[in-house]
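The values are calculated or read from the model by the stated rules, or taken from the named source; none is laboratory data. In this text, all values refer to a predicted model and were calculated from it rather than measured experimentally. Every residue, glycine as well, gets a Cβ built from its backbone with ideal geometry; the counts of neighbours run over all protein chains shown. These accessible areas exclude ligands, DNA and RNA; they are computed on the full protein's heavy atoms, side chains included. Shrake-Rupley method; radii C 1.70, N 1.55, O 1.52, S 1.80 Å.
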Amino acid sequence: MAKEAMMCVQLDYVHDFQCDGKLCNAQCCQKWRIQIDKATYKKYKKIKDSKWRKRICEHIRKNQETGNLQIVLDENDKCPFLGGDLLCIIQKNLGESYLSEVCTSYPRQIYKFQKFMERSLTMSCPVALKLALRNDRPLGLELVSLDSNKMRAMSSYEVKNRDDINRYLMDLQILTIPVLQQKKITLWQRLQLLQLVIDIVEPYVQKGQDVPVADIEAAVAELDYGRLRPANDLKQVLILFNQLVEEGLEKISLDGHNYVADVIDALDLQDGKLSVSQLLDKYLEQERFYQEYVEKTYSQMIENFVVNTWFAGCYPMKIEGNICNNYRMFSLFIQLTKLYLLAIAVKKGEGLKQADILTLLERMAVLFEHSRRYIEIGWDFVCSCDNK
């Protein structure tokens with residue numbers, strides 16, 4: 001008997017995605033560990049054409065550390081099944097049904113809850129990144145129905161929070177995403193507005209009560225936005241920045257660009273002797289570069305990055321615990337991203353290009369999505385601040 005279809009919430013760019021290695025130089029087929037699930041490997045072992053069976057199976061080995069099957073990359077760290085046209089030769093010659101679960105799913109990812117699912121695309125895929133961070137329109141939410149036959153076409157994760165907590169996620173995302181897209185105020189004021197909403201919602205969640213979404217939406221609409229301050233937790237952001245640097249998670253350079261050095265130069269951190277008030281003065285002085293070269297031209301792109309990070313990360317339910325701490329971790333990560341954007345704006349000035357911003361946001365998205373240690377440090381930091 002076929003499984004009953006489930007309702008899936010997704011950001012609307014997901015339905016526009018089509019994999020094409022020519023658009024991104026097939027990055028996911030190079031240098032990455034490509035796992036092969038057991039069901040797919042058994043299918044390969046049963047291929048009737050002996051030449052194809054041998055050609056495929058001889059490039060699959062068990063990883064001694066993980067015990068999982070994976071493709072052995074060639075001498076150039078590329079998948080041996082990547083053709084000269086940057087398309088998969090297995091798919092071209094045997095059909096899409098012969099792709100492994102990983103190759104079929106990437107960059108789609110889905111989080112399964114008790115009665116619904118949420119689907120997004122991982123931003124480590126350059127094509128997905130450009131779709132999500134388009135600079136011409138905001139992201140929207142849409143509801144689709146997924147049947148059991150399509151479930152294989154995505155990475156699927158069971159969210160570990162309790163069901164009594166998970167039931168709030170859809171309502172909270174429907175309530176909070178419009179807050180992050182409120183055009184009347186700056187993005188950094190929206191983070192403050194989001195905190196107000198989370199503070200209102202938290203008691204309902206803790207008591208297991210239904211959240212009055214419509215009432216909260218009405219209350220938010222009546223707020224005096226002029227009183228909102230931009231989120232600016234510079235002291236905490238810099239402490240978190242230092243911890244991440246010490247862990248080695250912030251020393252990665254992309255294409256020879258050292259973002260940590262940019263931050264140090266932008267805020268004159270070389271001697272490490274500036275007071276918090278002096279750092280704040282320096283930050284506010286340099287913020288004009290961010291406003292001129294980033295916010296003025298790319299505000300929609302930055303907004304879409306923030307919205308996608310919130311939705312794809314299952315905030316404010318990413319980690320089991322109170323939703324206020326989930327918000328605080330998210331806010332600090334976004335403010336850290338702004339710090340990097342400010343730094344490259346100071347460094348490049350009028351020479352700052354959209355490609356520079358996309359490269360940085362891709363790097364941050366990969367850390368937010370794929371670095372467990374990055375999230376652990378952020379969560380521990382927030383919880384330690386909460387206990388002081």
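Would you mind classifying region 1-127 by shape? Square roots of the alpha carbon gyration tensor eigenvalues, ordered a ≥ b ≥ c; an a/c under 1.5 is rounded, otherwise it is prolate if a/b is larger than b/c and oblate if not. Intermediate results must be reported in sequence, preceding the final value.
Details: a/c = 1.82, a/b = 1.41, b/c = 1.29.
Prolate, because a/c is 1.5 or more and a/b exceeds b/c.
Given only helices, namely DSSP H runs of n ≥ 4 each adding -39500 (n - 2.57), what is the per-residue ellipticity at 222 nm of the chain, to the nearest 500 deg cm²/dmol?
Numbers: 17 runs with 195 residues, N = 388.
Computed ellipticity for the chain at 222 nm equals -15500 deg cm²/dmol.
For residue 34, nonlocal amide neighbours, meaning residues 5 or more places apart or on other chains whose placed amide H falls under 5 Å from its own, are 71. Each Lys and Arg adds +1 at its Cβ and each Asp and Glu adds -1 at its Cβ; summed about the Cα centre, the chain shows a dipole of about 1780 debye. For residue 113, the accessible surface of its heavy atoms amounts to roughly 20 Å² (probe 1.4 Å, protein chains only, rounded to the nearest 10). Each of 366, 91, 105 was placed along the dipole of the chain (beta-carbon charges, centred on the mean Cα), and the one lying farthest toward the positive end is 91. About the centre of its Cα atoms, region 1-131 shows a dipole size close to 660 debye [charges on the beta carbon of Lys, Arg (+1) and Asp, Glu (-1) only; nearest 20 debye]. Among the chymotrypsin sites (Phe, Trp or Tyr not before Pro) in region 32-109, those placed in a DSSP loop whose Cβ has at most 16 other Cβ atoms within 10 Å are 32.
Comparing Cα centroids, region 39-114 and region 127-148 end up 27 angstrom apart. Remark on region 229-388: ratio of C-alpha radius of gyration to 2.2 N^0.38 Å is 1.00.
Where does each of 373, 288, 134 land when they are ordered by accessible area, with a 1.4 Å probe and the largest first? Write down the numbers at each step before the final one.
Working: 373 95, 288 135, 134 50 Å².
Listed by decreasing accessible area, they come as 288, 373, 134.
Averaged over residues, the count of other Cβ atoms within 10 Å places the peptides 361-368, 226-233 in the sequence 361-368, 226-233, highest first. Inter-part distance, region 164-219 to region 328-346, computed on C-alpha centroids, equals 22 Å. Inter-label distance, residue 31 to residue 199: 4.4 nm, where each label sits 7 Å from its Cα along the C-beta direction. Note that region 329-341 has calculated 3J(HN,Hα) couplings of 5, 4, 4, 5, 4, 5, 5, 5, 4, 4, 4, 5, 4 Hz, one per residue in order, obtained from phi through the Karplus relation 6.51 cos²θ - 1.76 cosθ + 1.60 (θ = phi - 60°); glycine and proline are x. By the Cβ distance rule (another cysteine Cβ under 4.7 Å), the unpaired cysteines of the chain are 8, 19, 24, 28, 57, 88, 103, 125, 314, 324, 383, 385.
If we sort 64-73, 121-130 on the protection proxy, mean other Cβ atoms within 10 Å, highest first, what's the order? Before the final figure, lay out each step's value.
Values: 64-73: 12.8, 121-130: 21.5.
Ranking, from highest mean packing down: 121-130, 64-73.
Length gained on full extension, residue 380 to residue 75, computed as 0.36 nm times the residue gap minus the Cα-Cα distance: 105.8 nm. Each residue of region 188-195 in turn: what ³J(HN,Hα) in whole Hz from Karplus with 6.51, -1.76, 1.60 and θ = phi - 60°, glycine and Pro shown as x? 3J(HN,Hα) across region 188-195, in whole Hz: 7, 6, 4, 5, 5, 5, 4, 4.
Between residue 299 and residue 47, the modelled labels are 5.4 nm apart [label points 7 Å from Cα along Cα→Cβ]. From the square roots a ≥ b ≥ c of the eigenvalues of the alpha-carbon gyration tensor of region 278-349, which class results: rounded (a/c under 1.5), prolate (a/b over b/c), or oblate? The shape class here is oblate.
In order along region 283-289, the Karplus-derived 3J(HN,Hα) couplings, from 6.51 cos²θ - 1.76 cosθ + 1.60 at θ = phi - 60°, round to 4, 5, 5, 7, 4, 4, 5 Hz, and Gly and Pro are given as x. Nearest-5 percent of antiparallel DSSP beta bridges in the chain? Antiparallel bridges make up about 70 percent of those DSSP assigns within the chain.
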